[in-house]
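Data first, discussion second: the structure below is written as structure tokens.
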Amino acid sequence: MQAWIPITLAAAFSQNLRFMLQKRLKDTKLSTAGATFARFAFSAPLVALGVCAYLTTTGQSVPDLSPRFFLFAFAGGIGQILATMCVVALFSMRNFAVGITFKKTEVIQTALIGFVVLGEGLSPSSSIAIAIGFAGLLLLSDPPGGGQGWRRFFNRAAALGLGAGLLFGVSAIGYRGATMMLGLDDVVARAGLTLAIVTAFQSVIMAAWMRLREPGEITRVFVNWRVGALVGVTSMIGSFCWFTAFALQNAAMVKALGQVELVFSFLATIFVFKQTVSGREWAGTALLVLSIVVLILWL
């Protein structure tokens, strides 16, 4: 089995845990921005310490960082902030699993962005797998209780989900581009260094934004440090795995396999949040799981 596959599975599992914790923060204590900021504020110091320890232990130094590295890294960082805020806002409109599913339009959008920006295409089998997954997404595009006419597919929940998918696509391509700009053979060092710089940048940007727009919210984030710290740990683990996978494989392929997160999110919906899942949602998820199986078997 290629190394990026188990790494991506670990990333998806950790990311699902992080979204569960962020949903708790959003439901009970913090604003959308606050729940998003918790992810970066608590993970950035952990990532920085981990990278410093790894580089010191392996005797490596920080390479020269080109303007293109910062362009890719910061574009990815901003995209991720905005995408995460879209997903957290979406949690208040649909159940947990469907919120995650809308976000999964990032697979197709990542493939398109990757082709335009990095010139990375997909094999026919990978394209078929992604198409099957997209069919599953269409089954999940209706608002609760259905709807009439254009409102069945064009609604605020769909807009937030599609926007999150686009922004996560920008983020994935930005991170893959940044890791490719580093002149390091060590994949762990490439992923870790990129992650450390990005999370530090994201923490500063979000802190400045919240200081201006939501006075007092930063304090509330740190008051709720117990859950916030868990968000930071799961974010650090998940992000490191994503960055490592991006350093090893086409971003669209990584995101396609990452749809396994839906299995984890549906389990959370049923057993943790005690929410119901409709037949349409089960059918859509079944197609998404089928797309994952096709992707792995045809690699």
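The values are calculated or read from the model by the stated rules, or taken from the named source; none is laboratory data. Since we're looking at a predicted model, the values are computed, not measured. Neighbour counts run over all protein chains shown; Cβ positions are idealised from the backbone, glycine included. With ligands, DNA and RNA removed, areas are computed over all heavy atoms of the protein, side chains included. Shrake-Rupley method; radii C 1.70, N 1.55, O 1.52, S 1.80 Å.
Rounded to the nearest 20 debye, the dipole size of the stretch 162-262 about its Cα centre is 200 debye, using +1 on the Cβ of Lys and Arg and -1 on the Cβ of Asp and Glu. The loop-placed trypsin sites (Lys or Arg not before Pro) in the stretch 215-299, going by DSSP, that have at most 10 neighbouring Cβ atoms within 10 Å of their Cβ come out as LYS274.
Only Cα sites of the stretch 220-290 enter the Debye sum here, all with the same form factor; the resulting log10 I(q)/I(0) across q = 0.17, 0.27 1/Å is -0.87, -1.10, listed in q order. Near TYR175: Cβ cut-off under 12 Å, other residues only, Lys/Arg at +1 and Asp/Glu at -1. The net charge is +3. Across the chain, Cα-Cα pairs farther apart than 32 Å form 23% of the total.
Rounded to the nearest 20 debye, the dipole size of the chain about its Cα centre is 900 debye, using +1 on the Cβ of Lys and Arg and -1 on the Cβ of Asp and Glu.
Annotation: per residue accessible area for the chain equals 43 Å², rounded to a whole number [probe 1.4 Å, protein chains only]. Candidates VAL62, SER125, MET236 compared by Cα position along the dipole of the chain: farthest toward the positive end lies MET236, with charges placed on Cβ. Note: relative contact order over the chain, using C-alpha pairs below 8 Å and six or more positions apart, is 39 percent.
Heavy-atom surface analysis with a 1.4 Å probe gives the chain a carbon and sulfur content of 71 percent of its accessible area. Summed over qualifying helices (DSSP H, 4 residues or more, each -39500 (n - 2.57)) and divided by its residue number, the chain shows a 222 nm mean residue ellipticity of -26500 deg cm²/dmol.
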